[in-house]
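The values are calculated or read from the model by the stated rules, or taken from the named source; none is laboratory data. Predicted, not measured: the structure shown is a model, and the values here were computed from it. Reconstructed Cβ throughout: ideal geometry from the backbone, glycine too, with neighbour counts over all protein chains shown.
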């Protein structure tokens, strides 16, 4: 993602874009998601990660990130802390402290940016993902790729305002593929198996 994102629009819209950049760098995948995995396979047991495989841990992470970004209580410190804790549980245990802090900071910045929108402005932020594919697996490490149909998944951002005639007018619209966000041409996310569970990892 280029600096042109930020120079293309004015504050406070640039603050929200800056948060998307931060979250992309921190999470290697960025953002909220339309994946709707089978809730019967949700891993709510202590220890985090997923016992069901590398695809599962990525799907559930995206689902919870989506829910976090849509939470109207995200500006509340307690609610945000719970989301940061829950999302950090998807990462390898030795990475969680750093991820928890980074997630809390990113979610706080996102909530702050949302709060600075003008009364007539709206923000649509979606991760366009219909599933997660495994592209490699050696038993201990695997790469998974979020996909949208036959293409790589992407982040879609639309900022618009309603004019004095009640017409919704787009101000800024951008769709960025995971390959550009993550910096890998295949758009893949690394995962690692520790004991009987799979976790997201920075690699």
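Checking each residue in segment 88-105 for being in contact (Cβ under 8 Å) with a residue 60 or more places away in the chain and more than 16 Å from the chain's Cα centre (by Cα) picks out 92, 93, 95. Going residue by residue through segment 92-101, is there one that turns out to be part of a strand (DSSP E or B), at pLDDT 85 or above and surrounded by fewer than 16 Cβ atoms within 10 Å (Cβ to Cβ)? So far as segment 92-101 goes, no, none of its residues is part of a strand (DSSP E or B), at pLDDT 85 or above and surrounded by fewer than 16 Cβ atoms within 10 Å (Cβ to Cβ). From the list 168, 144, the lone residue that is surrounded by fewer than 16 Cβ atoms within 10 Å (Cβ to Cβ), at negative phi and in contact (Cβ under 8 Å) with a residue 24 or more places away in the chain is 168. Being closer than 23 Å to residue 80 by Cα and surrounded by fewer than 17 Cβ atoms within 10 Å (Cβ to Cβ), is that true of even one residue in segment 124-131? Within segment 124-131, one or more residues are closer than 23 Å to residue 80 by Cα and surrounded by fewer than 17 Cβ atoms within 10 Å (Cβ to Cβ). Being touching a strand residue (DSSP E or B) at 6+ places or on another chain (Cβ under 6 Å) and surrounded by 21 or more Cβ atoms within 10 Å (Cβ to Cβ), is that true of even one residue in segment 108-117? No, segment 108-117 has no match at all.
Being surrounded by 14 or more Cβ atoms within 10 Å (Cβ to Cβ) and touching a residue at least 12 places away in the same chain (Cβ under 8 Å) is a property that holds for residue 152. Scanning segment 66-87 for residues that are crowded, with 17+ Cβ neighbours inside 10 Å, outside any loop (DSSP other than H, G, I, E, B) and touching a residue at least 24 places away in the same chain (Cβ under 8 Å) yields a total of 6. Checked against (1) closer than 30 Å to residue 170 by Cβ; (2) at pLDDT 85 or above; (3) in a helix (DSSP H, G or I), residue 104 passes all but a single condition, namely (1). Looking across segment 34-60, the residues that are at pLDDT below 85 and assigned to a helix (DSSP H, G or I) come down to 39, 40, 41.
Can you confirm whether segment 110-123 contains a residue that is in contact with a helix residue (DSSP H, G or I) (Cβ under 7 Å, 6 or more places away or on another chain), over 27 Å from residue 172 (Cβ atoms) and not in a helix (DSSP H, G or I)? Looking through segment 110-123, none of the residues is in contact with a helix residue (DSSP H, G or I) (Cβ under 7 Å, 6 or more places away or on another chain), over 27 Å from residue 172 (Cβ atoms) and not in a helix (DSSP H, G or I).
If you go through segment 179-202 and keep only what is farther than 16 Å from residue 56 by Cβ and either in contact (Cβ under 8 Å) with a residue 60 or more places away in the chain or assigned to a strand (DSSP E or B) (or both), you end up with 180, 181, 182, 202. Hey, does segment 26-33 have a residue that's modelled with pLDDT of 80 or more, out of contact with any strand residue (DSSP E or B) (no Cβ under 6 Å at 6 or more places or on another chain), within 22 Å of residue 124 (Cα to Cα) and part of a helix (DSSP H, G or I)? No, segment 26-33 contains no residue that is modelled with pLDDT of 80 or more, out of contact with any strand residue (DSSP E or B) (no Cβ under 6 Å at 6 or more places or on another chain), within 22 Å of residue 124 (Cα to Cα) and part of a helix (DSSP H, G or I).
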